[in-house]
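Everything on this sheet refers to the single structure shown next.
The values are calculated or read from the model by the stated rules, or taken from the named source; none is laboratory data. In this text the structure is predicted, and so the values were computed from the model without any measurement. Backbone-built Cβ (ideal geometry, glycine too); neighbour counts: all protein chains shown.
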Amino acid sequence: MNAHHGPIALLGSGEYTSAMDVTDRLLLSALGVARPRVALIPAASGLEPGMPERWNRMGVEHFTALGAEPLPMPLVSRADTDRPDILAQLGAADLFYFSGGNPEHLVETLRDTLAWAIIAERRAGGAGIAGCSAGAMMMSGYTLRVRSIVAGQPPRWIAAMGVAPQIAVMPHFDRMAGFVGAEVFRAIMGSAPEGVHLVGVDEDTALIKLRPDGPWEVSGRQSVVLIGRDGSRTAYRAGEAVPVGA
């Protein structure tokens, strides 16, 4: 594959569960590697004691069952991003898989690090990348500051890592209004940055791009929702292309 053109998946939820079996098989197949090595990166949950280990255990079981070689990584903070053992594993990976947690912590952990530079280099060689919930928000052009929402402040957006720069992902979209309340939900929708597609990804669902010249499309049991600047919503189901650019 050409530079930065490995397969990409933006998941609303469901990492390392049977709900993502079909999606993850598509990703693994698109790599063209007999037994892909999957870097399991739990850094988004680095502020939650015990969660990185839990995600890694789930990821090992999930990807072993799918015939891949999981590489569970103790990458949970910025201090871990220049550890030689972690950098070596990243350099050997065919697919980078980011589980959920706090997107702001994940961006702060990765930005301008050796670890992210290696991930970018591997992607330039055709490696894939997937992110679930906070992982998908990190891969967007912009992500919400979850801490400000939790503190009751108005929605604030920060520049994310820009794997999919034209997209701003809202994960758990089918349940999001229930999480934050209708008023905050409307404020989030209305505050989205200019120049990006605001995309809601339902739980157990993913927005995927398998080939450089292929479309963004839906995989999973629910919908991906494209939200217009006027508040309009267009839902897409499994197998349907989503018009969010290259």
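Restricting segment 19-49 to residues that are of a type in the set (Val, Ile, Thr) and in a strand (DSSP E or B) leaves a set whose member that is nearest to the chain's Cα centre (by Cα) is 41.
Within segment 30-50, identify whether any single residue is aliphatic (A, V, I, L, M), in contact with a strand residue (DSSP E or B) (Cβ under 7 Å, 6 or more places away or on another chain) and either farther than 25 Å from residue 161 by Cα or at pLDDT below 95 (or both), and answer yes or no. Checked against the condition, which is being aliphatic (A, V, I, L, M), in contact with a strand residue (DSSP E or B) (Cβ under 7 Å, 6 or more places away or on another chain) and either farther than 25 Å from residue 161 by Cα or at pLDDT below 95 (or both), segment 30-50 yields no hits at all. Assess whether residue 37 counts as being surrounded by fewer than 16 Cβ atoms within 10 Å (Cβ to Cβ) and among the basic types (Lys, Arg). Taking the combined requirement at face value, the residue does not satisfy it.
Scanning segment 143-175 for residues that are outside any loop (DSSP other than H, G, I, E, B) and touching a Gly at 6+ places or on another chain (Cβ under 9 Å) yields a count of 8. Counting the residues of segment 84-124 that are part of a helix (DSSP H, G or I) and either farther than 17 Å from residue 52 by Cβ or touching a residue at least 40 places away in the same chain (Cβ under 8 Å) (or both) gives 25. Residues satisfying the criterion are present in segment 208-227 (criterion: of a type in the set (Phe, Trp, Tyr), out of contact with any His (no Cβ under 7 Å at 6 or more places or on another chain) and not in a strand (DSSP E or B)).
Here residue 183 does not qualify as acidic (Asp, Glu), modelled with pLDDT under 90 and part of a loop (DSSP other than H, G, I, E, B). Residues in segment 151-177 that are modelled with pLDDT under 80 and under 19 Å from residue 224 (Cβ atoms): 2 in all. Among the residues of segment 194-211, those that are surrounded by fewer than 16 Cβ atoms within 10 Å (Cβ to Cβ) and either modelled with pLDDT of 85 or more or of a type in the set (Gly, Ala, Ser) (or both) comprise 195, 211. In the set (1) surrounded by 22 or more Cβ atoms within 10 Å (Cβ to Cβ); (2) free of Cβ contacts under 8 Å to residues at least 40 places away in the same chain, the condition left unmet by residue 129 is number (2).
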